[in-house]
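Please read through the structure below; I'll follow up with questions.
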Amino acid sequence: MESYRQAIPAIGLSLERYTGAVPDDGYYYVLKDGEVKGRFRTLRQAQAKYKELLAASGYQPPPLQPRKVDPSREAVERYMDELEAYWGDSHKHTHRGGKTMYRS
């Protein structure tokens with residue numbers, strides 16, 4: 001019995017199974033502000049109700065903020081990636097000895 005939770009806290013919407021907020025009966029529950037809006041046998045049915053309530057709310061997630069890149073950190077990460085690639089492939093470039101290794 002694995003718990004399942006899918007939620008958008010900003011609007012109080014969640015889809016849960018085997019959590020402390022819903023009965024331990026194996027059903028999927030769709031909750032809006034803690035109130036049960038639906039009880040479903042399958043995840044697909046529960047997600048349909050979840051999406052319906054989400055669409056009705058008109059909720060739009062906030063826009064993603066661009067990531068600030070530190071040039072010095074980026075250079076170090078690139079260098080470390082190159083080192084990893086070099087040492088990962090180094091076994092391909094080794095010279096092996098043999099009968100003729102010490103011949104003049």
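So how do S14, S57, S72 line up by other beta-carbon neighbours within 10 Å, fewest first?
Going from least to most buried by this count: S72, S57, S14.
Compute the semi-axes of the equivalent ellipsoid of region 1-50, taking the square root of 5 times each eigenvalue of the Cα gyration tensor, and list them largest first in whole Å.
Ellipsoid semi-axes (Å, largest first): 15, 12, 9.
Roughly how tilted is helix 43-57, in degrees to the nearest 10 and between 0 and 90, from the longest Cα axis of the chain?
70 degrees
Let me ask something additional. Between the helical axis of 71-89 and the dominant principal axis of the chain, each derived from Cα atoms, what acute angle in degrees is found, rounded to the nearest 10?
60 degrees
Using 10 Å bins from zero, what percent of all Cα-Cα pairs in the chain falls into each bin?
Distribution as computed: 12, 25, 12, 11, 19, 10, 5, 6, 1 percent.
List the GluC sites (Glu not before Pro) within region 1-49 that DSSP assigns to loop and that have no more than 10 neighbouring Cβ atoms inside 10 Å. Mind dumping the intermediate values first?
On the way: sites: E2, E16, E35; in loops: E2.
Filter output for region 1-49: E2.
At a threshold of 8 angstrom on Cα-Cα distance, excluding pairs fewer than six apart, so keeping six or more, what relative contact order does region 4-57 reach in percent? Provide the component values of the computation, followed by the final result.
Numbers: 87 pairs, mean separation 14.7, N = 54.
Answer for region 4-57 is 27 percent.
Give me the extension gain from M80 to E2: residue separation times 0.36 nm, minus the current Cα-Cα distance, reported in nm with one decimal.
Working: separation 78, 0.36 × 78 = 28.08 nm, distance 3.90 nm.
Length gained, M80 through E2: 24.2 nm.
Readers should treat all values here as calculations from the given coordinates under stated rules, not as data from a laboratory. Model, not experiment: these values are computed from the prediction. Cβ sites come from the backbone with ideal geometry, for glycine too, and all protein chains shown count toward neighbours.
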